[in-house]
1. Tell me the net charge near Ala377. Cut-off is 12 Å between Cβ atoms, Ala377 excluded, with +1 for each Lys or Arg and -1 for each Asp or Glu.
2. Can you bin region 117-378 into rounded, prolate or oblate? Criterion: square roots of the alpha carbon gyration tensor eigenvalues sorted a ≥ b ≥ c, rounded for a/c under 1.5, prolate for a/b above b/c, oblate for the rest.
3. Based on the mean of other beta carbon atoms within 10 Å per residue, what is the order of 71-79, 392-400, 57-65, 230-238, most packed first?
4. Using a 1.4 angstrom probe, figure out how much accessible area the chain has per residue, in square angstrom, rounded to the nearest whole.
5. For Ala84, what charge total do you get from the other residues with a beta carbon under 10 Å from its beta carbon, if Lys and Arg give +1 and Asp and Glu give -1?
6. Whenever you get a sec, line up Trp367, Trp191 from highest to lowest accessible area (probe 1.4 Å, protein heavy atoms).
7. Rounded to the nearest 0.05, what FRET efficiency is calculated for Glu214 and Leu404 with R0 set to 35 Å and r the Cβ-Cβ distance?
8. Measure off 7 Å from each Cα along the Cα-to-Cβ vector at Lys5 and Arg77, then give the distance between these two points in nanometres to one decimal.
Amino acid sequence: MTIDKAEVIVTSPNRNFVTLKITTSDGVTGLGDATLNGRELAVVSYLRDHVVPLLIGADENRIEDTWQFLYRSAYWRRGPVTMAAIASVDMALWDIKAKKAGMPLYQLLGGASRTGLLAYGHASGTDLPSLFDSVRDHLEQGYRAIRIQTGVPGLNAIYGIASQSAAAGGGDERYDHEPARRGAKPVEEDWDTRAYLRHLPGVFEAVRNEFGPELPLLHDGHHRMTPIQAAKLGKELEPYDLFWLEDCTPAENQEALRLVRQHTTTPLAIGEIFNTVWDFKDIIREQLIDYVRGAVTHMGGISPLKKTLEYAAMYQIKSGMHGPTDISPVGMAAAMHLGLSIHNFGIQEYMKHGERTNQVFQQSFTWQNGLLHPGDAPGLGVELDLDEAGKYPYEQAYLPYNRLADGTVHDW
Ligand code: KDG
Ligand code: MG
């Protein structure tokens, strides 16, 4: 059988998503997530103009060969647009293969290595009482691990969190738990790393005092520190036993992690903006990280992320796959099947999609007692309702960015 049709579907139920739908000559369909937050239409063009024409008539069974062909034949390798496009093809072909086998994808990937996936949610607050409320709310929702983000005295914005996004979505409706906002221009936020560094350890001390020693706590530094600042923070957070400190320094300078590592035993996670195993090669071999944050959607698909995680396993480095709401339900399902099957699963980020998103994407995953499971429907376990998707056309949206007090643009 061959690939008969490949359609690129753009929909914006609670936020923008780009999905590739491949149909084979015997009528089997597969879905892949190609969403690149804030740059969605670049991937749409890459797929429609340069990838779809190459897929028509190809053998849908040859997943690895198709991946290698798309990666190598372009000459221009890597990069978020290219790799999100290739990822969607890889996911859709795995979906088709598993559907044809009559199995949930995790069975084809080697079967389940655990009963469910420990997932973490995002608690945040401008001050301690509102942060504690947010933690309690997440505990009530069943989360057994929680990321802590906090307001900093003197700063207006809390980066990367949900509470600021409702207004930007229009009316009372939330624009999903995720910082990109609809509008023609990115929103500007303020930032001061020294104020943040002074404030954060006290917040973790208070959270530990309130919620006890057992709850796994995470924190996202969102690329905002210099290496020496990150080293200082990691050291100061040691008494509060973090599950991980994420993206403590900008992702481009991977050597920075060597310096951070020399100073602290706080576990480090990085890689949500990495695209290939090459981005992880040295920091895995040198054991500079503890968790691989790569997303199936941005690492070129299930095939390359599985290889990256197997390589990481040699060094006892675990998965911590990126799972904000800009990873679509298709990308989340792919992460869940992969996470369930590998041995070195660590934790899965899980932010929950909005109601309209869940109507567009019908899903088979379960969320029980703090654990995710992809379900046992054949394939990825996600179907796209085209009529529902058609109700929500693309709307321009950007991640916010930030400037220091003197007007300098800082890392997001
Ligand atoms: O698209 C960017 C978001 O996914 C990012 O801001 C979320 O850092 C993030 C996280 O850890 O989920
Ligand atoms: Mg992050």
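1. Working: positive: Lys99; negative: Asp95, Asp376, Glu383.
Surrounding charge for Ala377 is -2.
2. It is rounded, given that a/c, with a ≥ b ≥ c, falls under 1.5.
3. Descending mean neighbour count gives 230-238, 392-400, 57-65, 71-79.
4. 39
5. Charge balance near Ala84 sits at -1.
6. Per-residue accessible area, sorted high to low, gives Trp367, Trp191.
7. 0.40
8. So the label points at Lys5 and Arg77 sit 3.5 nm apart.
The values are calculated or read from the model by the stated rules, or taken from the named source; none is laboratory data. Owing to the predicted nature of the structure, the values given are computational and were not obtained by experimental measurement. Quick reminder, even Gly has a Cβ in these numbers, built from the backbone with ideal geometry, and neighbours come from all protein chains shown. The protein model used for the area step is the full one, side chains on, heavy atoms only, and it has no ligands, DNA or RNA in it. Shrake-Rupley method; radii C 1.70, N 1.55, O 1.52, S 1.80 Å.
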